[in-house]
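Report on the following structure.
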Amino acid sequence: MSRPDADQLLLDAEADVRPSPQGVAARRALLAHPVLLMVGIVLASLNMRAALASVSPLVGEISESFGLSSTATSLVTSVPVLFLGVGALVAPWLGRRFGTEVVLFCALLLLGVGILVRVLPATAALYGGGVLIGVAISLLNVLMPGLIKRDFPDRAASMTSVYTGSMIAGATIVAATSVPLEKAFGDSWEASMAFWSLLAAVAALAWLPQVLISRGRTGHETRVVPGAPGSAAPAGSRSVWRSGLAWQVTLFMGLQSLWSYVLIAWMPTIFTDHGMSRSTAGVIFAFNNLIQVAGAFAVPLLAGRMRSQRPLIALVTSLVAAGYVGLMVAPVAGAWLWSAILGIGQGGAVGLALTLIVLRSGDAVTAARLSGMAQTIGYLLAAAGPLAAGAVYQVTGSWTVPIALMLGVCAAALAVGLFAARDRKV
């Protein structure tokens, strides 16, 4: 079997749906406004990590305000990540049922509401808002790559770079400005976090024209029966849930997500616990997010040119492990260096995990199913990371043991990743 084209196998929530003539006409109307669509993609992507990144620089104030333990504080980050996995289960169905544009628009509205709910003066609202945020971001995570594949089939790689770059840029901007915003709003962490609901509202407004244009498309598609002419997968294809290779790809996705969300939740706290100012910790955390762009761009390009991605698995896991060791032995003295090493490793790992989904799939439908499996199980696994790290820190009173556990995660990711990187197909 020939190697699949990555541009053709990006996750498409509508991969097994064939548009009718009415649907094709509506899609052409959408593409007649490419600038508007591009703006919508960029603005939506800016939101895909912003609400998560806004918490870390302010986690100390949040904990103090509600009187939370370290374990309870970690749930502020863990709950949204948990629902990234839960939301991934329903995102493809919603995209097929109501249309991608409509679901993306509603996800942005839900995200804005979740951000506002999270800052209400009640512990239940703090966690409940996290649930809404997690579901909203999961819809964006799952549907955005498919929309890009569908509407920009000849420029999918470059457009994917635009959306991933915008996603990381959003996290960088939020991480760098959360503490300054808090000070600008009179030392109000609530106002600082609520401010980012405006970004979601602006993005939703940018999607509204696309929703209106696409109204004629929804309901004008037909199911493609596997094995029928024009279908993407042969009849009787094996379930990805029964494939060992699919589980290896899924576990690598989950483990690299776990180590990243621990950093998203706790990196600024690790720095401030060792005497660094909150403002400086926030800037270094923003730098970590920014430098991830380098790994996210370079590693997938290299992976697509290799039959086996094992050298890249070894590279990204080693970089992340080295960065964690740095945080353990000299967190403040080498903060900028560890942030850079971790950023390249984190960005490369997430890009490699997404690329493995494509390279290990023989057709578009398999890619869609494998991506759904990897995101669902992967994010459910990742949700345990911040919670476990916070609980261990609370018990030991030190970051040494939590970081040591993360080194174990790196070792496990290396082991399973070497299997996932073999030149095989699910």
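The values are calculated or read from the model by the stated rules, or taken from the named source; none is laboratory data. This structure is a prediction, so every number in the text was calculated from the model and none was measured. Only protein heavy atoms, including side chains, enter the accessible area calculation; ligands, DNA and RNA are left aside. Shrake-Rupley method; radii C 1.70, N 1.55, O 1.52, S 1.80 Å.
For the stretch 267-306, go through all pairs of different Cα atoms, get the mean of 1/r, take its inverse, and jot down that Kirkwood value in Å.
Averaging 1/r across every pair of different Cα atoms and inverting gives 11.6 Å.
For the stretch 360-426, give the percent of accessible area contributed by carbon and sulfur heavy atoms, probe 1.4 Å, rounded to a whole number.
Ligands and nucleic acids excluded, carbon and sulfur give 69 percent.
With Rg and the Kirkwood Rh both taken from Cα atoms, where does Rg over Rh land for the stretch 286-426?
1.00
Shape verdict for the stretch 245-355, please, from the Cα gyration tensor: rounded (a/c under 1.5), prolate (a/b greater than b/c) or oblate.
Here the stretch 245-355 falls in the prolate category.
Starting from the coordinates of the alpha-carbon atoms of the stretch 49-118, obtain the Kirkwood hydrodynamic radius over all distinct pairs and give the value in Å to one decimal.
This gives a value of 13.8 Å.
Starting from the coordinates of the alpha-carbon atoms of the stretch 314-391, obtain the Kirkwood hydrodynamic radius over all distinct pairs and give the value in Å to one decimal.
Kirkwood radius, the stretch 314-391: 14.3 Å.
In terms of the ratio Rg/(2.2 N^0.38 Å) built on C-alpha atoms, what value belongs to the stretch 94-147?
Ratio of Cα Rg to 2.2 N^0.38 Å: 1.22.
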